[in-house]
Amino acid sequence: MQTNIHYPSFKRVEGSVIVQLRRIVGEENVLIHKELREKYGQDKTEGLVFMPEIVVLPCETQQVSRILKIGTKYRIPITVRGAGTGLSGGALPVCGGLLMSMERFDKILNIDKENFQVTVEPAVITEFLQNTLKDNGLYYPPDPASKGISSIGGNVSTNAGGLRAVKYGVVRDYVLNLEIVLPNGEIIWTGANTLKNSTGYNLTHLVVGSEGTLAVVTKIVLKLIPHPTHAMVLLVPFEDAAKACAAVAAIFQAGITPSVLEFMERDALEYTMDYLGERIMDIPESVKAHLLIEVDGFDPMTLQNDCEKIAEVLERFDAGEILFADDEAAKNVLWKLRRNIGRAIKSSIYKELDTVVPRARLPELHQATKAIAAKIGVKVLCFGHAGDGNLHINFVRGDVDDDTWNLILPKSIRELFNLVKSLGGTLSGEHGIGWIQKPYMNIMFNETSLNLLRGIKSVFDPKGILNPLKIIP
Ligand SMILES: Cc1cc2nc3c(=O)[nH]c(=O)nc-3n(C[C@H](O)[C@H](O)[C@H](O)COP(=O)(O)OP(=O)(O)OC[C@H]3O[C@@H](n4cnc5c(N)ncnc54)[C@H](O)[C@@H]3O)c2cc1C
């Protein structure tokens, strides 16, 4: 467990504050015993534990407002938590203090079929929302691989991406309006429930992706689209991983926009099958990587033509025999494999980067990653949303010695991030900066830009109580 970072200006959560919190949310929703607080001290970020002093579970916006007023008055650090699946330590209470878990905000409030909109509370699980909307013929596309366990509020706060961002965009593209509570307890809506809005600065887009550092999100209005009726999925093997990377941009250049375009190295799939304990497929020794591609829409003939065009493109990159999955059972097997890669890698000690580059630069990023890992003798597994140029790079510890892991690897990560920048990319495509990527922010932002970020933070949160020490170095 890490030691919480104590700033003299922050106060501890003590007697009279606990009494006030119990009055607001009820005694059973204020967790003080260590065993009850324990699960809130970690998220899915590898190896980090920061214990909160107290956990509070509100279920109404007014309660959130009153809690924040207490935080501001007594200068108690407050960290907001969704489902705790974040991979950058964003929901960890690094300064201790009060952890506000949103788990009781779990209702879909209104499905507006006429306007293709839904209003939802932040703790609704992404997949549950998608399934409920699908039953109504509606589609909310953002589809993180963690959709079965992550919350919409967390997705909004990290600007999550996922498998279908390549065609449909990321969470920010679907958020129309937010009810938020500012650190001083004021409640506001950030925008309007309209598809267009050129009315001043876009507060909605500013709060999306702000990782709980500016305000607490209590209601979310999302844009929806009609649900596609057909989809075809292709699994494509390559003997040369570099060619698989290079094929990605060529597919778009041929005029096709797949709804999913994922890159998976051979070892990532082997790890996953071991983790699942299921030999889902036998991968010939010569195969080094796969592309997983989906095309979707409303007309099967168009999809068939798209698949044929994709196959033509892939031939130029020496792809192996393509596996077409057109029935649900076959598709589900492939989705299971892909969606479990992250979980499988998390069963080892690893460090993950969420790099993103313009998609045509993907081959260079992949090649440089391999070279850097080989130089320091660390194993690296790559997979991710190749269609977005978003590569998840996982350094796996194995039997690497302490010095290499703790001292040399961070330097190599910096070298890699510098390269990402030189390729026109950036540090995080979808997981956010949170706590663990913060030391590298000065690669992307100079002091002028960092000061703008600091200025925005201090306008929303002048006392700095909300999710302190995140994002901005
Ligand atoms: C196996 C696996 C696969 C994943 N795949 C993807 C993927 O494909 N794409 C992707 O984008 N991410 C992925 N993730 C990362 C993670 O699921 C996302 O970052 C997700 O959006 C986090 O949601 P959460 O509800 O768990 O939020 P948390 O982890 O609880 O919180 C994340 C951040 O949001 C803030 N926050 C949460 N709720 C609120 C609120 N109501 N108001 C203000 N701030 C709030 C927190 O303070 C924190 O900074 C994956 C994670 C795992 C474990």
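Per the listing GLY212, GLY185, GLY161, the residue uniquely assigned by TED's automatic domain parsing to the domain that holds LYS147, surrounded by 21 or more Cβ atoms within 10 Å (Cβ to Cβ) and within 28 Å of LYS69 (Cβ to Cβ) is GLY212. Name every residue in the range 185-222 that is assigned to a strand (DSSP E or B), closer than 23 Å to LEU453 by Cβ and over 18 Å from the mean Cα position of the chain (by Cα), in order of residue number. The one that is assigned to a strand (DSSP E or B), closer than 23 Å to LEU453 by Cβ and over 18 Å from the mean Cα position of the chain (by Cα): ILE188. In summary, VAL313 fulfils each of the numbered conditions (1) within 30 Å of LEU138 (Cβ to Cβ); (2) touching a residue at least 40 places away in the same chain (Cβ under 8 Å) with the single exception of condition (1).
Just one residue in the set PRO93, PRO77 is closer than 20 Å to VAL207 by Cα, modelled with pLDDT of 95 or more and out of contact with any Ser or Thr (no Cβ under 7 Å at 6 or more places or on another chain); that residue is PRO77.
Only one entry of GLU239, GLU262 meets the criterion of being of a type in the set (Asp, Glu), crowded, with 22+ Cβ neighbours inside 10 Å and in contact (Cβ under 8 Å) with a residue 60 or more places away in the chain, and that entry is GLU262.
State whether the residues of the range 356-374 include one that is under 25 Å from MET273 (Cα atoms), among the small types (Gly, Ala, Ser) and outside any helix (DSSP H, G or I). No, the conditions are met nowhere in the range 356-374. Being under 15 Å from the mean Cα position of the chain (by Cα) and either at pLDDT below 95 or over 20 Å from SER428 (Cβ atoms) (or both) is a property that holds for GLY148. When the range 35-51 is limited to residues that are touching a residue at least 12 places away in the same chain (Cβ under 8 Å) and surrounded by fewer than 16 Cβ atoms within 10 Å (Cβ to Cβ), the one that is farthest from ALA344 (Cα to Cα) turns out to be LEU36. Scanning the range 112-138 for residues that are surrounded by fewer than 18 Cβ atoms within 10 Å (Cβ to Cβ) and either assigned to a strand (DSSP E or B) or within 9 Å of the ligand (Cβ to nearest atom) (or both) turns up just one, ASP112. Filtered by the rule that a residue be at negative phi, small (Gly, Ala, Ser) and out of contact with any Gly (no Cβ under 7 Å at 6 or more places or on another chain), the range 426-473 gives SER428, SER449, GLY455, SER458. Scanning the range 115-155 for residues that are among the aliphatic types (A, V, I, L, M), farther than 24 Å from LEU292 by Cβ and either in the same structural domain as ASN332 (by TED's automatic domain parsing) or touching an Asp or Glu at 6+ places or on another chain (Cβ under 9 Å) (or both) turns up VAL118, ALA123, VAL124, ILE152. Residues in the range 315-332 that are within 14 Å of ILE293 (Cα to Cα) and assigned to a helix (DSSP H, G or I): ALA330, LYS331, ASN332. Pairs under 6 Å by beta carbon, first residue among the polar types (S, T, N, Q) in the range 63-82, partner within 12 Å of the ligand (Cβ to nearest atom), six or more apart or different chains? These pairs meet every condition: SER65/VAL181; THR72/PRO183; THR79/PRO93; THR79/LEU99; THR79/ASN467. Of all residues in the range 457-473, those satisfying the criterion of being surrounded by 15 or more Cβ atoms within 10 Å (Cβ to Cβ), out of contact with any Pro (no Cβ under 6 Å at 6 or more places or on another chain) and either not in a loop (DSSP other than H, G, I, E, B) or not charged (D, E, K, R) (or both) are LYS457, PHE460, GLY464, ASN467, LEU469, ILE471, ILE472.
The values are calculated or read from the model by the stated rules, or taken from the named source; none is laboratory data. Here the structure is a predicted model, which is why all the values come from computation and not from measurement. Virtual Cβ from ideal backbone geometry, glycine too; neighbours counted across all protein chains shown.
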